[in-house]
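Enquirer: After the structure tokens below, expect a handful of questions from me.
Bear in mind these aren't lab numbers, they're just calculated from the coordinates by the rules spelled out. The structure displayed is predicted, hence computed values, not measured ones. Using ideal geometry, Cβ is built from the backbone for each residue, glycine included, and neighbour counts are taken over all protein chains shown.
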Amino acid sequence: VKIVILGAGALGSLVGALLARAGHDVTLIARHAHVEAVNRDGLRVSGLTEAVTHPRAVTDASSAPVPDVLVVTVKAYETLPALKGARNLLGPATRVVTLQNGLGNLEIVESVAAEGQAVGGATTIGATFMEAGHVRHAGHGYLKLGSPTGNAEAVDAVAAPFRDAGLDPEVTDNIHGEVWAKVVVNAGINPLTAITGLPNGALLETPALFEVLVRACEEAVDVAKAVGVQLPDEDLVLRARRVAELTAENKSSMLQDVERGRRTEIDAISGAIWQRGLSRAVDTPVNMTLTALVKGIERTITR
Ligand code: KPL
């Protein structure tokens, strides 16, 4: 299957490497230094997976082929511009799957993909960007896929190569609920790791941090219910705890962004919960505070 990864950072590169190792024709669209390293030495994966794979890597969508599956892993605030700049990759039969964090990505993908070809994804696989050409597979996690319009054929077309790659996709008929559930998990884990500099698992070891994690998740669940989202029928605080355990060694994507002096996805995670809460008169003091602190950190570090 011909696959293009739009935004091959930590997660996109890991997924691309696993797909390439399974024999698929993979092209990564990534930043210049990463592209150079991958084309020169291959893409190295360490940690739970050890491999050197050889996907094609390019810096610009205009140099990539029209794929069967376009995997979107750019940061949430880049989704619209990245997809606009990649219109040449959207053939009539190209399935477009988002594996991103935050709210709003699937809706953007739906607005650009051909009718019925957008597929939602939610994954908690832990990935760390080590250096150009090298990512770490740093935590086990789930991968849920679903079509917002009930197009089972599009979901199967995406799930098949992911299955070959060992990513064990689960098909869901409630992809919006799963995207929200992932946001609940991220609201608990990501800002706290970004603020403290701790890896995910350490949040479970300090009772006060764990208490904040729990409250951030609970507020997110309240907002989801208030906006009418049907969440998966399980305790999402427990799910967040389990994700932190399974990715204990991983630095969350938000901590990686802070460490690299980059803008974070706080607006699409905690900020989105706070704002949606405001519009439904649901109080979210913990998510508001975490949003404010991460935005303050962003001001001190972005260059
Ligand atoms: O999604 C993640 C992220 O870091 O953004 C988790 C699942 C928390 C893994 O670190």
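Enquirer: Could you give me the ³J(HN,Hα) list for the stretch 233-246, computed from phi with Karplus coefficients 6.51, -1.76, 1.60 and θ = phi - 60°, whole Hz, x at Gly and Pro?
Expert: 7, 7, 7, 6, 5, 5, 4, 4, 4, 5, 4, 5, 5, 6
Enquirer: Next question. Once you have the Cα-Cα distance between T206 and E153, take 0.36 nm times their residue separation minus that, and quote the gain in nm to one decimal.
Expert: Working: separation 53, 0.36 × 53 = 19.08 nm, distance 4.53 nm.
Answer, rounded to one decimal: 14.5 nm.
Enquirer: Run through the stretch 2-108 and list the GluC sites (Glu not before Pro) located in a DSSP loop whose Cβ has at most 10 other Cβ atoms within 10 Å. Let's see the in-between values first.
Expert: Working: sites: E36, E50, E78, E107; in loops: E50.
The qualifying sites are E50.
Enquirer: Pop out the ³J(HN,Hα) list for the stretch 61-76 in order, Karplus 6.51 cos²θ - 1.76 cosθ + 1.60 with θ = phi - 60°, rounded to Hz; leave Gly and Pro as x.
Expert: Once θ is set to phi - 60°, the couplings for the stretch 61-76 become 4, 5, 9, 9, x, 5, x, 6, 10, 9, 9, 9, 10, 6, 4, 4 Hz.
Enquirer: Enumerate the whole-percent occupancy of each 10 Å bin, from 0 to the last occupied one, for all C-alpha pair distances of the chain.
Expert: Per 10 Å bin, starting at zero, the Cα-Cα P(r) for the chain comes out as 7, 30, 37, 22, 4, 0 percent.
Enquirer: Then there's this: Taking 35 Å as R0, compute the FRET efficiency from the Cβ-Cβ separation of V214 and S63 and round it to 0.05. Mind dumping the intermediate values first?
Expert: Numbers: r = 46 Å, r/R0 = 1.32.
Result of the calculation: an efficiency of 0.15.
Enquirer: If each residue of separation counts as 0.36 nm, what is the full-extension length gain between L80 and V171 once their alpha-carbon separation is subtracted?
Expert: Details: separation 91, 0.36 × 91 = 32.76 nm, distance 2.54 nm.
So the chain would gain 30.2 nm between L80 and V171.
Enquirer: Starting with the highest mean, order 120-132, 85-97 by the number of other Cβ atoms within 10 Å, averaged over the residues of each peptide.
Expert: On the way: 120-132: 22.6, 85-97: 17.8.
With the highest mean Cβ count within 10 Å placed first, the list reads 120-132, 85-97.
Enquirer: Next question, about the same structure. In what sequence, highest mean first, do 269-281, 159-171, 187-199 appear when ranked by Cβ atoms within 10 angstrom?
Expert: Working: 269-281: 20.6, 159-171: 17.8, 187-199: 24.0.
Put in order of decreasing packing, that is 187-199, 269-281, 159-171.
Enquirer: Strictly over 23 Å apart at the Cα level, which of K144/K225; K84/K251; K2/K251; K84/K225; K84/K295; K225/K251 would you flag in this model?
Expert: Working: K144/K225 21 Å; K84/K251 30 Å; K2/K251 31 Å; K84/K225 32 Å; K84/K295 27 Å; K225/K251 29 Å.
Distance filter (> 23 Å) returns K84/K251; K2/K251; K84/K225; K84/K295; K225/K251.
Enquirer: Okay, next question. I'd like the trypsin sites (Lys or Arg not before Pro) in the stretch 27-58 restricted to DSSP loop residues with at most 16 other Cβ atoms within 10 Å, sorted by number. Display every interim value, and only then the final one.
Expert: Values: sites: R31, R40, R44, R56; in loops: R31.
Answer by residue number: R31.
Enquirer: Gain in length, D283 to N88, computed as 0.36 nm per residue apart minus the alpha-carbon separation, to one decimal in nm? Don't skip to the answer; put the middle values down first.
Expert: On the way: separation 195, 0.36 × 195 = 70.20 nm, distance 4.32 nm.
Contour length minus Cα-Cα distance gives 65.9 nm.
Enquirer: Hey, another quick one. Between 0 and 90 degrees, rounded to the nearest ten: what's the tilt of helix 270-279 against the longest Cα principal axis of the chain?
Expert: Helix 270-279 sits roughly 60 degrees off the main axis of the chain.
Enquirer: FRET efficiency for R242 and H32, Cβ-Cβ distance as r, R0 = 51 Å, nearest 0.05? Before the final figure, lay out the partial values.
Expert: Details: r = 37 Å, r/R0 = 0.73.
Computed FRET efficiency for R242 and H32 comes out at 0.85.
Enquirer: Cα-based Rg of the stretch 121-217 per 2.2 N^0.38 Å, rounded to two decimals?
Expert: Its radius of gyration relative to the 2.2 N^0.38 Å reference: 1.27.
Enquirer: Local charge sum around D283 (other residues, Cβ-Cβ under 14 Å, Lys/Arg +1, Asp/Glu -1)?
Expert: Residues close to D283 contribute a combined charge of +1.
Enquirer: Determine ³J(HN,Hα), in whole Hz, for all residues of the stretch 203-214 in sequence, where each value follows from phi through the Karplus function 6.51 cos²θ - 1.76 cosθ + 1.60 and θ = phi - 60°; x replaces Gly and Pro.
Expert: Along the stretch 203-214, the couplings run 5, 7, 9, 10, x, 5, 5, 4, 4, 5, 4, 4 Hz.
Enquirer: Where in the stretch 29-45 is the amide nitrogen less than 12 Å from a point lying 7 Å along the Cα-to-Cβ axis of A132?
Expert: Answer for the stretch 29-45: 31-41.
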